[in-house]
Structure formats: C-alpha cells, structure tokens
Amino acid sequence: MRARAKAVPVSDPIPTGCRPVDELMGGGFERGVVTQVYGPPAAGKTNLALAAAVEVAAGGDRALYIDTEGLSIDRFEQLAEGRLDRGDGDDDLDALASRLVISEAYDFDDQREAVRDAEELAEEVELIVLDSATGFYRLERAGDTQGGESLRKVAKQVTHLLSLARRHDVAVVITNQVFTDPEGDRDRALGGNTLNHWTGAILRVDRFRGGNRRVTLEKHRSKPAGDTATFRIVGDGLAEGADG
Ligand SMILES: Nc1ncnc2c1ncn2[C@@H]1O[C@H](COP(=O)(O)OP(=O)(O)OP(=O)(O)O)[C@@H](O)[C@H]1O
C-alpha cells in the first residue's frame, strides 16, 4: 500500500449559488475533475458556468473563463450585481470583474493555446471554464478528413484541463453542444464516449415549459446518476424552478 505523508485536503466544491442545482451536485462543481455541462442552444449552460465564476469572485477568489462564443459582459454584470445585492460584503462590481480572467478564443488554434496557457494561472484560480469546448470542433469536424483528428484535439485539451484540475485542486467546467443522432430518439452530446470518459461529472441541461430548465445528473463520482433539479434564468441570477 502506498504511504501517505499527510492527509489529502478536501476542499469545497464551487457552487453556482442556485440551491437545487448545487444540491444535485453535492454542493457545486467538484474540484479535481472536469464537469461537462451539455445541452441544446439557450438551455442555460453559460449561465451555470458564469454563475459559478461569479460565486468564486464574490468569495474573493479568481476564476479563468476561456470564451469561444463571445461572452455577454452584460450578463456577467447582471449576475454579479445580483450576487452583490444578496451578499453582505464591501465588494463592488469592479472588484468582482477584476477577479474574472477572460481568455478569448476566436478559432480552434486560439482555443488550444488558451487551454495550454491555463497552466500558468491554474495555481491562482479556483475555477477554470471552457465555454464552449466543442463550438469550433463542430465547425472543424465537418471538414475532418483525418478520421476523428479534431475530436482527438478536443480530447487532448480536456485531458490537459483534467491534469490541471487534479494537480491544483481546481474545478473545471466545460460546456458542450448536442447533435441529433439519426439512430437515437434524443439529442446526444458531441464528442460521445471520448469526452464522456474524461469528464468525471456530466450535467445535461434542457428547457421545458414556462422557461424552466431541467438539469439531469448523468454522471458523478459520489452522487446517483439520473437525479434532476430545476432552475430558471432570471434577471439577476438563477432561481429555483417549478418541478415538471
Ligand atoms: N436577464 C435575463 N433574464 C432572463 N433570461 C435571460 C436573461 N439573460 C439571458 N437569459 C436567457 O438565457 C438563455 C441563454 O442562456 P445561456 O447563454 O446560458 O444558454 P447556453 O445553453 O449557453 O446556449 P448556447 O449553447 O446557445 O451558448 C436565453 O434563453 C436567454 O433568454
């Protein structure tokens, strides 16, 4: 048996601030693993990732946000203002914004570099978000004549992020899109088993009636798969949803 010199510290997961979603995940996005958040357009993937980044900033820590989609600064400000209104600290919007490090990627090469460079910040941040992991992959895949070469590139990025998560005890969240499987009865996550293998937790997000969102925990290291939670996207944050 391998001897351990000291107890391994167990640090708290990173919450989104939305109670049902956090409870579903056992407190929030787990550290030391990559969590995949996938679903159709406008399901609320970015809102979940951004809400977690705002929670990190509100706690006085920093988050790295690798943005491939053109993150809405307005939406960040709405979430941050909402969080400040609910909190009791002395921070203002500028303080929270200064703790969010945004790395913008305009193509697949930029994305690769941004993921590689995350290593330089991994020691200083509590959360790394890659939003989205597969937007450019989806484009590149269409012209992929190398038989899965573009998927291998994404998988390499995800395994790099996993190594950072493990070495630096940070939470990593990647967002992912869906495609229509001609042989299946519902949309499936891009990247299939390859991405699923490297992501220790998987959340599926869907919209349903009345603007509610349902989150299904499809994979987790210490929580039962198949459990669900609901939330709504509101002006100043994420609210509890109506069951359905
Ligand atoms: N202030 C707001 N109040 C209510 N709903 C909002 C607000 N801002 C954004 N939304 C809603 O959030 C949804 C978009 O959420 P989000 O960007 O998180 O989706 P996503 O799953 O990341 O989508 P995509 O895959 O297209 O990037 C839209 O339905 C939009 O109407």
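The values are calculated or read from the model by the stated rules, or taken from the named source; none is laboratory data. All values derive from a computational prediction rather than experimental measurement. Cβ: placed from backbone, ideal geometry, glycine included. Neighbour counts: every protein chain shown. Protein only, heavy atoms only, side chains kept; ligands, DNA and RNA dropped before computing areas. Shrake-Rupley method; radii C 1.70, N 1.55, O 1.52, S 1.80 Å.
Failed condition for Val205, given (1) surrounded by 15 or more Cβ atoms within 10 Å (Cβ to Cβ); (2) of a type in the set (Val, Ile, Thr); (3) away from the ligand (no atom under 12 Å from the Cβ), with all others met?
The single condition Val205 does not satisfy is (3).
Within the bounds of region 164-183, is there any residue that is in a helix (DSSP H, G or I) and open to solvent by 70 Å² or more (accessible area, probe 1.4 Å)?
Yes, region 164-183 contains at least one residue that is in a helix (DSSP H, G or I) and open to solvent by 70 Å² or more (accessible area, probe 1.4 Å).
Yes/no per residue for (1) of a type in the set (S, T, N, Q); (2) at pLDDT 95 or above; (3) within 15 Å of Ala49 (Cα to Cα); (4) away from the ligand (no atom under 15 Å from the Cβ):
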position: Val170; (1), (2), (3), (4): no, yes, yes, yes
position: Pro182; (1), (2), (3), (4): no, no, no, yes
position: Gly192; (1), (2), (3), (4): no, no, no, yes
position: Gly211; (1), (2), (3), (4): no, no, no, no
position: Leu217; (1), (2), (3), (4): no, yes, no, yes
position: Asp227; (1), (2), (3), (4): no, yes, no, yes
position: Ile233; (1), (2), (3), (4): no, yes, yes, no
position: Gly244; (1), (2), (3), (4): no, no, no, yes
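For region 191-201, does any single residue satisfy the condition of being in contact with a strand residue (DSSP E or B) (Cβ under 9 Å, 6 or more places away or on another chain) and at positive phi?
Yes, that holds for at least one residue.
Would you say Glu124 is surrounded by fewer than 18 Cβ atoms within 10 Å (Cβ to Cβ) and either within 22 Å of Val205 (Cβ to Cβ) or in contact (Cβ under 8 Å) with a residue 60 or more places away in the chain (or both)?
yes
Please go through region 23-40 and give me each residue that is in a loop (DSSP other than H, G, I, E, B), within 9 Å of the ligand (Cβ to nearest atom) and either touching a helix residue (DSSP H, G or I) at 6+ places or on another chain (Cβ under 9 Å) or more than 17 Å from Thr230 (Cα to Cα) (or both), ordered by number.
If the condition is that a residue be in a loop (DSSP other than H, G, I, E, B), within 9 Å of the ligand (Cβ to nearest atom) and either touching a helix residue (DSSP H, G or I) at 6+ places or on another chain (Cβ under 9 Å) or more than 17 Å from Thr230 (Cα to Cα) (or both), then Gly39 is the only one that fits.
If I ask for residues that are crowded, with 20+ Cβ neighbours inside 10 Å and in a loop (DSSP other than H, G, I, E, B), which ones from region 184-199 would you list?
Residues satisfying the conditions are Leu190, Gly191, Thr199.
Among the numbered conditions (1) modelled with pLDDT of 95 or more; (2) more than 22 Å from Thr46 (Cβ to Cβ), tell me where Ser98 comes up short.
Against the list (1) modelled with pLDDT of 95 or more; (2) more than 22 Å from Thr46 (Cβ to Cβ), Ser98 comes up short only on (2).
With respect to Gly87, determine if the residue is touching a helix residue (DSSP H, G or I) at 6+ places or on another chain (Cβ under 7 Å) and modelled with pLDDT under 95.
The answer is yes for Gly87.
How many residues are touching a Ser or Thr at 6+ places or on another chain (Cβ under 8 Å), surrounded by fewer than 20 Cβ atoms within 10 Å (Cβ to Cβ) and on the phi < 0 side of the Ramachandran plot if we restrict to region 209-237?
Result for region 209-237: 6.
Residue-by-condition table, conditions (1) buried (at least 21 other Cβ atoms within 10 Å of the Cβ); (2) more than 10 Å from the ligand (Cβ to nearest atom); (3) more than 19 Å from the chain's Cα centre (by Cα):
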{"residue": "Ala43", "(1), (2), (3)": "yes, no, no"}
{"residue": "Ala49", "(1), (2), (3)": "yes, no, no"}
{"residue": "Ala52", "(1), (2), (3)": "yes, yes, no"}
{"residue": "Gly59", "(1), (2), (3)": "no, yes, no"}
{"residue": "Leu64", "(1), (2), (3)": "yes, yes, no"}
{"residue": "Gly70", "(1), (2), (3)": "no, no, no"}
{"residue": "Gly82", "(1), (2), (3)": "no, no, yes"}
{"residue": "Asp85", "(1), (2), (3)": "no, yes, yes"}
{"residue": "Asp90", "(1), (2), (3)": "no, yes, yes"}
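Given the conditions (1) within 12 Å of the ligand (Cβ to nearest atom); (2) touching a residue at least 24 places away in the same chain (Cβ under 8 Å); (3) of a type outside the set (A, V, I, L, M, F, W, C), which single one is not true for Asp74?
Against the list (1) within 12 Å of the ligand (Cβ to nearest atom); (2) touching a residue at least 24 places away in the same chain (Cβ under 8 Å); (3) of a type outside the set (A, V, I, L, M, F, W, C), Asp74 comes up short only on (2).
Looking at (1) more than 30 Å from Asp12 (Cβ to Cβ); (2) within 16 Å of the ligand (Cβ to nearest atom), which is the one condition that is false for Ala133?
(1) is the only condition that Ala133 fails.
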